[in-house]
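The values are calculated or read from the model by the stated rules, or taken from the named source; none is laboratory data. Since we're looking at a predicted model, the values are computed, not measured. Glycine gets a Cβ as well: all are built from the backbone with ideal geometry, and neighbour counts include every protein chain shown. These area figures cover heavy atoms from the full protein model, side chains too; ligands, DNA and RNA do not enter into them. Shrake-Rupley method; radii C 1.70, N 1.55, O 1.52, S 1.80 Å.
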Amino acid sequence: MTISCWKPSVERDDGLLWYKDLGNHLYGEFSMAVIQANSSLEDHSQLESGPLSSDYLGPQGTFVGVYDGHGGPAASKFVNDNLFSNFKSFAAEEQGVSEKVIKRAFSATEDDFLALVKKQWLTKPQIASSGTCCLAGIICNGMLFVANAGDSRAVLGRVKKGTKETLAVQLSAEHNVNIETERNDVRSKHPYDPQIVVMKHSVWRVKGIIQVSRSIGDAYLKKAEFNTEPLPQKFRLAETFFKPILSSEPSVSIHKIQPEDQFLIFASDGLWEHLSNQAAVNIVSNNPRNGIARRLVKAALKEAAKKREIRLSDLQKIEQGVRRHFHDDITVIVVYLNRKLIDNSSLCSSPLSIKGGRHVNF
């Protein structure tokens, strides 16, 4: 069977909303959307399809990344610019995709960002307080790898056998200390610090500061040398520490793609704050593919407006920065799975690289 090469559709940017309604990746179609709420867009994302290795003869597949930044866009943009290239280098070195390759890519990206923080420490010390949750999905040779550090989420839409019902299956582990098991895990790793996780403003937080226990960046919580001047006082911990408070190591799950597996939803916490896994899967399974990521964003905005007892049209008039009081930046990437393409070993290798949102300098 001959499969013709494809060209990506045009990206669109409407004010605070960026979207790509429908495009083709190696194993089917995809849709992306990003809505900004923060003063600077802190969510970054990417979809790469084609070679997954810097070695020309290496594996081909699709790589999806969602990077939910905090403390500014510096860390999320850095990961968007560097994680995939690191991944490709290690995939070439290890001659394939594996959990080891993914974890090495995360670790190298973390090391590179901390090196940048050190380099800019005297001129831009606040970069030490920038971090990002990091969700990556790799589809290759009929397998799906999902790696997560933080509380973004990957959800699979799977048709229940013998029915037309599509079930939501969460594939990513979440590292948010509002989850009791995650609090216990953090406490077990810091047994001599009774204040490692505390309740603040009715929310559990690591050191009373941050809800996630894993991230790339957040140098001031990884290395004590960045928990001092010239970092502004409001970011600094009162006491020093002798081991990293946060981890950059992702949880990795590996899944063999089944005939019942229809699509994947990769999204930042901004979406899941307003939609359940099943609600999101229902929207995708019951609506046309074209513009489906934008439809998910709109559904989340409707819920955000409803919670604050305002109309969606009024919410959409609120500018970035102020908008953050109503919802976070939201990134959604829906990846459809075509079984015939997944099973075909002679796919066109024309590469596709697309990054969600606008370019942000730091």
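Per-residue 3J(HN,Hα) values for the range 218-228, derived from phi via the Karplus relation 6.51 cos²θ - 1.76 cosθ + 1.60 with θ = phi - 60°, read 6, 4, 5, 10, 10, 10, 4, 5, 9, 9, 7 Hz in sequence order (x marks Gly and Pro). Beta bridges from DSSP with both residues in the range 67-170: antiparallel share about 100 percent, rounded to the nearest 5. Structure remark: mean-square fluctuation, Gaussian network model of the chain, C-alpha springs under 10 Å; the largest value among ALA37, ALA136, ALA115 belongs to ALA115.
Excluding same-chain neighbours fewer than eight residues apart, the lysines reachable from LYS20 by a Cα-Cα span under 18 Å are LYS7, LYS298, LYS355.
Over all directions, how big on average is the projection of the convex hull of the alpha-carbon atoms in the chain, in square nanometres?
Details: hull surface 75.2 nm².
Spelled out: convex hull of the Cα atoms, projected over all directions, averaged, 18.8 nm².
Within straight-line reach of LYS223, meaning a Cα separation under 29 Å, sit the following lysines at least 8 residues removed in sequence or on another chain: LYS77, LYS88, LYS100, LYS103, LYS118, LYS119, LYS124, LYS189, LYS200, LYS207, LYS234, LYS243. Averaging the sequence gap over all C-alpha pairs within less than 8 Å and six or more residues apart, then dividing by the number of residues, gives the range 208-309 a relative contact order of 22 percent.
From most to least packed by mean Cβ count within 10 Å, the peptides 160-166, 213-219 give 213-219, 160-166.
Based on the Cα coordinates of the range 196-239, what is the per residue volume of their convex hull in Å³? Intermediate values should be presented prior to the final figure.
On the way: hull volume 3.4 nm³, N = 44.
Considering the Cα atoms of the range 196-239, their hull volume per residue is 78 Å³.
Indicate the helices, whole DSSP H runs only, in the chain that combine a mean Kyte-Doolittle hydropathy of -1.0 or more with a Cα extent along their long axis of 20 angstrom or more. List each step's numbers first, then the result.
Numbers: long enough: 74-94 (29 Å, -0.23); 99-120 (32 Å, -0.35); 292-307 (23 Å, -0.17).
In the chain, the long hydrophobic H runs are 74-94, 99-120, 292-307.
Element breakdown for the chain at a 1.4 angstrom probe: carbon and sulfur atoms account for 49% of the accessible area. Charge tally for CYS134 (other residues, Cβ to Cβ under 11 Å; Lys, Arg +1; Asp, Glu -1): -3.
Could you do me a favour and compute the accessible area per residue for the range 226-349, 1.4 Å probe, result in Å²?
Working: 6340 Å² over 124 residues.
With the other protein chains kept in place, the range 226-349 gives 51 Å² per residue.
Relative contact order of the range 146-214: what whole-number percent is it, with Cα pairs under 8 angstrom and at least 6 residues apart? Mind dumping the intermediate values first?
On the way: 106 pairs, mean separation 18.7, N = 69.
Answer for the range 146-214 is 27 percent.
Surface exposure of the range 19-97, expressed per residue as accessible area with a 1.4 Å probe, stands at 27 Å².
Computed over the range 99-230, the range of Cα coordinates on each principal axis works out to 62, 35, 23 Å, biggest value leading. What the Cα atoms of the range 251-346 give is an Rg and a Dmax of 16.2, 53 Å.
Charge tally around ASN286: other residues with Cβ under 14 Å, Lys/Arg +1 each, Asp/Glu -1 each, net +2. Averaging the sequence gap over all C-alpha pairs within less than 8 Å and six or more residues apart, then dividing by the number of residues, gives the range 14-145 a relative contact order of 24 percent. The range 242-279 and the range 82-160 have Cα centres separated by 13 Å. Sequence-ordered 3J(HN,Hα) estimates for the range 37-46 from the Karplus curve with 6.51, -1.76 and 1.60 and θ = phi - 60° stand at 10, 6, 4, 10, 4, 9, 7, 10, 7, 7 Hz, glycine and proline given as x. Of all the options LEU22, LEU301, LEU116, the one that moves most in a Gaussian network model of the chain with Cα springs shorter than 10 angstrom is LEU116.
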